[in-house]
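Let me begin by presenting the structure, written as structure tokens, before commenting on it.
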Amino acid sequence: MSAVRKSVMSALSTIVLAGGLAFGAAGTASAATCPSTASPKIDGAIASWSLSCTGGGVRVSGWLEDTRMDNKCAMVRIVGGNGEYRTKQACGSGVREQFDFTFAGTDSAQVRLAIA
């Protein structure tokens, strides 16, 4: 393994451990302020969400879908700018789940799609 790759892998491991992420597979993350939208796709999952400001908070709403028969679930983990977090899972190929969460006192959130 090259020195550059080792450094990158070490940095990514530190970020994952510091964040306390317990996902089976890494996914895409989107840190944003409202208003914004994202439609990420990873191997085994697809999702779409939007952030909107509502009464002193941020609302994160959308859907996620499990796209593979692999006995794993698609998962969205949302961490609000205020430190609160929520998760939603869709389990079973073709299963789509809706989500709608509000985080008070912030206008930002980090949203991550992953396989667990």
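Here, each number is a calculation from the coordinates, and none is a lab measurement. Being a predicted model, the structure only gives us computed values, none of them experimental. FYI the Cβ positions are ideal-geometry reconstructions off the backbone, even for glycines, and counts take in every protein chain you see.
A compact table of results
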item: Relative contact order computed over segment 35-99 (Cα-Cα under 8 Å; 6+ residues apart), in percent; result: 28 percent
item: Amide H partners (placed H, <5 Å) of residue 73, local residues excluded; result: 116
item: Karplus (6.51, -1.76, 1.60) ³J(HN,Hα), θ = phi - 60°, over segment 97-102, in Hz, Gly and Pro reported as x; result: 10, 8, 9, 7, 10, 10
item: Built amide H within the under 5 Å cut-off of residue 54, gap 5+; result: 59
item: Projected label distance in nm at residue 98 and residue 41, using a 7 Å step from Cα toward the beta-carbon; result: 2.3 nm
